[in-house]
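Here the structure comes first, spelled out in structure tokens, and everything after it is commentary.
The values are calculated or read from the model by the stated rules, or taken from the named source; none is laboratory data. All values derive from a computational prediction rather than experimental measurement. Note that we place each Cβ from the backbone using ideal geometry, even for glycine, and neighbour counts take in every protein chain shown. The accessibility values were calculated without ligands, DNA or RNA, using every heavy atom of the protein model including side chains. Shrake-Rupley method; radii C 1.70, N 1.55, O 1.52, S 1.80 Å.
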Amino acid sequence: MSIYAVKPGWWNTPVHREEKIWIGVALVWCIAITLIMPVWHVVGDQNSSQEYYRISGDNYAALTDAFIEQYKVGEVQGIAVVAPPPGSDIFLRGAQWQWDPILKLTQGATYRLHLGSVDMVHAISIFPININFEVVPGYDYVLTITPTSAGEFRVICNEFCGIGHHGMIGKLIVDPA
Amino acid sequence: MTTAAALFRTCPATGLKVHLPAQGLIKINAVTAIVFLLVGGIVALTLALTRWQAVHLLNDEWFYRMLTLHGIAMLVAWIVFFEMAVLYFASAILLNTRLAVPWLAWTQYVLMFVGAAMVAVEILLGRADVMFTSYVPLQADHWYYLGIILFAVGAILGCVVFFATVNAARVEKTYEGSIPLVTFGAAIAALIAIVTLAHGAAAFIPTWLWALGLVPMMDAEIYRLLFWGFGHSTQQINVCAMVSIWYLLGTLTVGATPLNEKVSRSAFVLYGLFIMIASEHHLLVDPGLSAAHKSWNTGYFMHLAVLASMIHAYSVPAATEVALRKQGYTKGLFEWLKKAPWGNPAWSSLFISLVGFGFIGGITGVVYGTEQINIIVHNTLAIPGHFHATVVVGTTVAFMGVTYYVLPLIFQREVAFPTVARLQPYVFGLSMYVVCIGMIIAGRFGVPRRSWDMNGVDGPFQVSFDPIVDMALAVTGIAAVVAVVGGAMFCAVAVGTLLVGKKIEG
Amino acid sequence: MSEFDREEHKPKGSFVLIMIFFGTFALLYFLNWKYLTDIWKIG
């Protein structure tokens, strides 16, 4: 009875066979699903990045502005469209309540995507691919990213960042290779 | 000793000695918990009817405000007040002893009540539109943070009273051998609670001082780390308390005895040792931590805390199975399950909680907490889908189930409206299954959580989702309405019992 | 002292239930890894 005190000697009660089997299965499973995580860093293509730098909001904004100036090819809805070359460092800036610039990438090319915020905590969701990362003020978070599908994507903010949060939707274009 | 003896009564049904001051404290904490459940439930209705895009009830400002209030009323107030009642029950009542330092327990209640009320008022006045997480640099009014701090201090005092009571029982030898399993589980929950609340202090005291303008803002990532040491670990207290309640319900409903005390207690120890570090799974797609750190910590130190849950997942139903087989239901594999007391709301609550927590909440928790898989679910609606399955289907249903025994035992009244009570776990629990699964499916298609509008009406670009999403959210909305009805049925039975329930002499 | 010296008191049904649980767990776990491999390359 789980509601009454137990008499001394309870520690020596043997564990019955089915329960032993189940604990064994569960233990092996738990260790296996722990090991998959480091193994995937070696063999897998989808991992969260470990590369980040501390940076002030102002400095991050300056880096983004310089990046936009260098590769700007147009403007949509007042937001700059930039077409950086494959392999380059690309910047995405979160601010209440807009993502900029609109990145124009090439399918199959690899980029170093810098994520940063100049005010609140934001987060990106690349829709409909469903890639989600947190964007934290004070940090420049660098993801090495290779778009493997082409099309027009949305960048949805999915961390609450104030009352206008749901309007914080950006665009990302991947041209076919 | 006549005065001391007058402070006790003996429960005619269980033979347990009930300390009257403990009984009073259990009552007031449980009633306050249910009041917050009612508030949170009404708020939940407005939220569900807003996320269901076809209805879209609230405007954006009130949606975020109500979402903040829902988190505080449910995750914090309902659950922690009820846990205080559980701690006092598992110590004073189950150990046949007096509640140590009742005045400190009353201080716990007053601090928690004042804190929760302050927080609720601040939110309703629109001075804390920051969500349950209040990530800096978002800033609420300083009274909001003070309210949370007072609440947390109160909860720590409740844990202190619990341990003082267990110690008093030990010194005064009110029990023989080792403390009951349920009390042991509650003790682990209380230990986790103390560590958790310390993280809460580390996150909220500097933030409060910042809101007062006295110190600079904490680093946003460090706040997230400390906050989740509090925010998620609070849910680990719930897991531990819930599993204790499962064992309690197994005993109360069918007379189950734990299969093996050594196994069940060791599993609780695994919770105590390893569950805290898992809080860092909230930072899996954040800057600031190394991959090794993320794998190790979110692996709960080789998932040993998950192992604990998996052990309980077998040992709880198996204990009830053995008890029912001993009552003669021995045919085949499942006669015991068919003949189980499904009309007893405590039993149906136990099973609905156990199955829903395991199959929906537990599995998704481990899967989504895997370092890499988190990339495809972080901050999507699948996350609320996961934690409603743990905290609502798991913890809340278990707490509701045990209430059907607390009412006669502690409030000394027969449960009113027995038909409503019999149906309540099914209406509430099963509709919550649907709510959770609906949110998980929508999240799979990239629907963000905490969003008033997911189609981009206020943004520069529109977003159109797979038609499955519209269906999933409509089903979620309808099921949520049913769940609110189920929650209201619970409140009606609880309040009805207090007002018109037949008194039990004892 | 075994809890269930008598064969018919063994919790055989719960063992089947827990195996169903384990199967569901493994299935959903690997299904989500499959979903993960569908997204872009990220490191």
Worksheet item: Given the conditions (1) within 7 Å of chain B (Cβ to nearest Cβ); (2) surrounded by fewer than 18 Cβ atoms within 10 Å (Cβ to Cβ), and given that A:Asn130 satisfies all but one, which numbered condition is not satisfied?
Response: (2)
Discussion item. Six or more apart or on different chains, Cβ atoms under 7 Å: show the pairs whose first residue is in the stretch B:332-361 and within 14 Å of chain C (Cβ to nearest Cβ) and whose second is among the polar types (S, T, N, Q).
Written reply: B:Leu350/B:Thr253; B:Phe357/B:Thr390; B:Phe359/C:Thr24; B:Gly361/B:Thr390
Item to complete: Filter the stretch A:96-113 down to residues that are in a strand (DSSP E or B) and under 18 Å from A:Met168 (Cβ atoms) and give me whichever is farthest from the other protein chains (Cβ to nearest Cβ).
Response: A:Leu103
Worksheet item: In the stretch B:220-260, how many are open to solvent by 20 Å² or more (accessible area, probe 1.4 Å) and more than 21 Å from B:Thr196 (Cβ to Cβ)?
Response: 4
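Can you tell me which residue among B:Val377, B:Val397, B:Val435 is more than 24 Å from B:Tyr314 (Cβ to Cβ), in contact with a Ser or Thr (Cβ under 6 Å, 6 or more places away or on another chain), crowded, with 24+ Cβ neighbours inside 10 Å and modelled with pLDDT of 95 or more?
Working: B:Val377 fails: in contact with a Ser or Thr (Cβ under 6 Å, 6 or more places away or on another chain); B:Val397 fails: more than 24 Å from B:Tyr314 (Cβ to Cβ).
Every option except B:Val435 fails the conditions.
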Worksheet entry | Unique match (being closer than 23 Å to A:Ser48 by Cβ, in contact with a helix residue (DSSP H, G or I) (Cβ under 6 Å, 6 or more places away or on another chain), within 7 Å of another protein chain (Cβ to nearest Cβ) and free of Cβ contacts under 8 Å to residues at least 40 places away in the same chain) among A:Val136, A:Val121 | A:Val136
Worksheet, complete the sentence: Residues in the stretch A:132-149 that are under 12 Å from A:Leu92 (Cβ atoms) and under 12 Å from the mean Cα position of the chain (by Cα) total 6
Item to complete: Identify the single condition in (1) in contact with a helix residue (DSSP H, G or I) (Cβ under 6 Å, 6 or more places away or on another chain); (2) open to solvent by 10 Å² or more (accessible area, probe 1.4 Å) that A:Tyr71 does not satisfy, given that it satisfies every other one.
Response: (1)
Worksheet item: Restricting attention to the stretch B:270-328, and to residues there that are assigned to a helix (DSSP H, G or I) and among the acidic types (Asp, Glu), which single residue is nearest to the other protein chains (Cβ to nearest Cβ)?
Response: B:Glu321
Discussion item. Any residue in the stretch B:446-475 that is within 23 Å of C:Leu36 (Cβ to Cβ) and more than 8 Å from chain A (Cβ to nearest Cβ) sitting within a Cβ distance under 8 Å of a residue that is polar (S, T, N, Q) and open to solvent by less than 10 Å² (accessible area, probe 1.4 Å)? List the pairs, counting only those 6 or more apart or interchain.
Written reply: B:Val447/B:Thr380
Item to complete: Scan the stretch B:123-146 for residues that are more than 14 Å from chain A (Cβ to nearest Cβ) and either surrounded by fewer than 24 Cβ atoms within 10 Å (Cβ to Cβ) or assigned to a loop (DSSP other than H, G, I, E, B) (or both) and report the count.
Response: 6
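Do we have A:Leu35 as farther than 20 Å from A:Met168 by Cα, within 13 Å of another protein chain (Cβ to nearest Cβ), outside any loop (DSSP other than H, G, I, E, B) and open to solvent by less than 10 Å² (accessible area, probe 1.4 Å) here? Walk me through it before giving the result.
Working: farther than 20 Å from A:Met168 by Cα: yes; within 13 Å of another protein chain (Cβ to nearest Cβ): yes; outside any loop (DSSP other than H, G, I, E, B): yes; open to solvent by less than 10 Å² (accessible area, probe 1.4 Å): no.
Spelling it out, it is not the case that A:Leu35 is farther than 20 Å from A:Met168 by Cα, within 13 Å of another protein chain (Cβ to nearest Cβ), outside any loop (DSSP other than H, G, I, E, B) and open to solvent by less than 10 Å² (accessible area, probe 1.4 Å).
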Discussion item. Of everything in the stretch B:362-374, what is open to solvent by less than 10 Å² (accessible area, probe 1.4 Å), under 18 Å from the mean Cα position of the chain (by Cα) and in contact (Cβ under 8 Å) with a residue 60 or more places away in the chain? Give them in sequence order.
Written reply: none
Fill in: The lone exception for B:Tyr426 - which of (1) closer than 21 Å to B:Gly41 by Cα; (2) surrounded by 21 or more Cβ atoms within 10 Å (Cβ to Cβ); (3) not β-branched (Val, Ile, Thr) it fails
(2)
Worksheet item: Based on what the data block shows, is B:Gly328 more than 24 Å from the chain's Cα centre (by Cα), on the phi > 0 side of the Ramachandran plot and surrounded by fewer than 21 Cβ atoms within 10 Å (Cβ to Cβ)?
Response: yes
Worksheet item: Somewhere in the stretch A:83-98, is a residue aromatic (Phe, Trp, Tyr) and in contact with a Gly (Cβ under 8 Å, 6 or more places away or on another chain)?
Response: yes
Response to the item:
Scanning the stretch B:265-322 residue by residue, those surrounded by 20 or more Cβ atoms within 10 Å (Cβ to Cβ) and on the phi > 0 side of the Ramachandran plot turn out to be B:Gly288, B:Tyr300, B:His303
Worksheet item: Do you know which residues across the stretch A:146-161 are within 11 Å of chain B (Cβ to nearest Cβ) and of a type in the set (Val, Ile, Thr)?
Response: A:Val155, A:Ile156
